[in-house]
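The values are calculated or read from the model by the stated rules, or taken from the named source; none is laboratory data. All values reported here derive from a predicted model rather than from experimental measurement. Cβ atoms come from the backbone with ideal geometry, glycine included; neighbour counts cover every protein chain shown.
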Amino acid sequence: MIETFTALLFAHVLADFVFQTKWINDNKQRPQVLLLHALIVLVTAQVALGVYDTPELLALALAHLIIDWVKQFGRFRKLPGFLWDQAAHLLTIVAVAVYAPTLWDTWPDATLPLMALAAGAILATRAGGFAIGLLMLPHSMRIRNNGLKGGGWTIGILERGLVFVLILADLPLGVGFLVAAKSILRFGTASRDQRTAEYVIIGTLASFGWAILAGFATQGLLSLLPPLEITAWLP
């Protein structure tokens with residue numbers, strides 16, 4: 001079961017956070033765009049499992065479509081809506097993995113740790129960017145932003161990526177070093193304005209916390225899978 005779950009989780013993060021473009025996300029109220037996204041969900045699941053003719057994956061794509069339809073037309077566009085949406089998708093993945101645990105039967109087991117690592121990295125970086133962005137959106141209108149265009153997004157991706165790597169490398173003390181380094185770099189700006197200081201603190205703690213959770217969750221998943229062995233890919 002864990003093999004099927006891992007492959008479907010990898011497929012899900014690809015469909016939702018890599019192959020779902022801004023245009024798709026902004027136009028989901030159009031039925032054809034929503035169907036296109038569901039098709040991407042189906043294809044990524046089929047490729048990840050190496051199975052193309054099973055009704056369980058059609059059911060998974062249909063459930064994904066329904067969940068996204070409810071989110072779109074219910075106007076659940078704040079952080080709780082994002083989290084509930086992802087929780088619902090996760091539950092459908094678990095349901096399929098429990099109902100059809102033997103779907104994973106095509107690719108070598110050595111690919112599973114790589115899928116888990118890739119899924120965790122995407123969740124820590126890109127998914128985390130959307131979550132933190134939604135969290136900070138109500139406050140961002142009150143903050144004067146004179147920085148680089150997209151600079152905050154890039155910084156967030158980099159810091160969550162570094163935290164994710166440090167957690168997986170069993171170097172949690174490095175996370176404290178990153179927090180201290182960012183605090184020093186931001187001190188000059190934040191010290192002049194209480195709003196900016198609080199904005200930076202909330203965003204930083206939320207970003208680091210998200211990446212830490214993603215790192216520990218990935219560690220837990222990896223512990224249930226075959227060990228990652230580079231030699232498994234050598235002839």
Long-range neighbours under 7 Å by Cβ, at least six apart or interchain, first residue more than 17 Å from LEU62 (Cβ to Cβ) and modelled with pLDDT under 95 within region 93-107, second surrounded by 22 or more Cβ atoms within 10 Å (Cβ to Cβ) and of a type in the set (Asp, Glu): TRP104/GLU3
Count - residues of region 2-60 that are surrounded by fewer than 16 Cβ atoms within 10 Å (Cβ to Cβ) and either at positive phi or in contact (Cβ under 8 Å) with a residue 40 or more places away in the chain (or both): 5
Read through the list (1) closer than 18 Å to VAL70 by Cα; (2) in contact with a helix residue (DSSP H, G or I) (Cβ under 6 Å, 6 or more places away or on another chain), then give the number of the only condition that ILE40 fails. (1)
Pick out the one residue from GLN72, GLN86 that is under 16 Å from PHE10 (Cα atoms) and part of a helix (DSSP H, G or I). GLN86
Whether any residue in region 43-59 is modelled with pLDDT under 90, among the acidic types (Asp, Glu) and more than 19 Å from PHE130 (Cα to Cα) is what I want to check. yes
